[in-house]
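Presented below is the structure to which this report refers.
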Amino acid sequence: MKNLTWKLVLIIATMLVFLFGIFGVPKDWTGKGLLSAITDRIHLGLDLKGGTHLILQVKVNDAVNVDSDAAIERLKEAMRAAKINYAEISKPDPVNHPEQVLIKGVPPESSGELRSIVTDRLPEYDLTSGAENSWTIAMKAQVLTSLKNQAVA
């Protein structure tokens, strides 16, 4: 029984030392004093206070991709209506340059009609010719900058 009493005293003393180390020695031994010792010494982090931390990341290339996809559809429709043949309309680099569209296989005799379609239906794009009856339309720099700023806003 004597051995058990010393063990109990040692356990209680150890617990008191650790509790005073965590909460501090209260100025007052009443309920308010103990509560103030707890609230003064323990400061909850943002996650325990119920706050949140959000990171908002805008992918501006996705907005440009949507706009250039719509331009491709308008271009296909207009070329179909004007009966202009083409082999392929695609984006050569949709990740890094989604503002560029490549048109392959347009006959040379249809180049004037293609220019008028791009000028009339896609005024925000510039048309340049390439090798082997290919054409590239690229979004104008001012329009591209404006679209990216709108996506961020």
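Projecting label points 7 angstrom from Cα along Cα→Cβ for L10 and R80 puts them 8.9 nm apart.
Here each label is just a point 7 Å from Cα along the line to Cβ, and for N96 and N149 those points are 2.7 nm apart. Rounded to 0.05, the FRET efficiency of the E132 and H53 pair, given R0 = 41 Å and the Cβ-Cβ distance, is 0.15. Assuming R0 = 25 Å, what is the FRET efficiency of A63 and E88, from their Cβ-Cβ distance, to the nearest 0.05? E(calc), rounded to 0.05, equals 0.55. At the listed q of 0.16, 0.20, 0.21 Å⁻¹, the Debye profile of the chain, built from one uniform point per Cα, gives log10 I(q)/I(0) equal to -0.91, -1.18, -1.25. Here the chain is assigned +1 on the Cβ of each Lys and Arg and -1 on the Cβ of each Asp and Glu. Its dipole about the Cα centre then comes out at about 1220 debye.
Read-outs: derived from the displayed coordinates by stated rules, not from any lab. Please read all numbers here as calculations on a predicted model, not as lab measurements. A quick note on method: Cβ atoms are made from the backbone with ideal geometry, for glycine too, and the neighbour counts reach across all protein chains shown.
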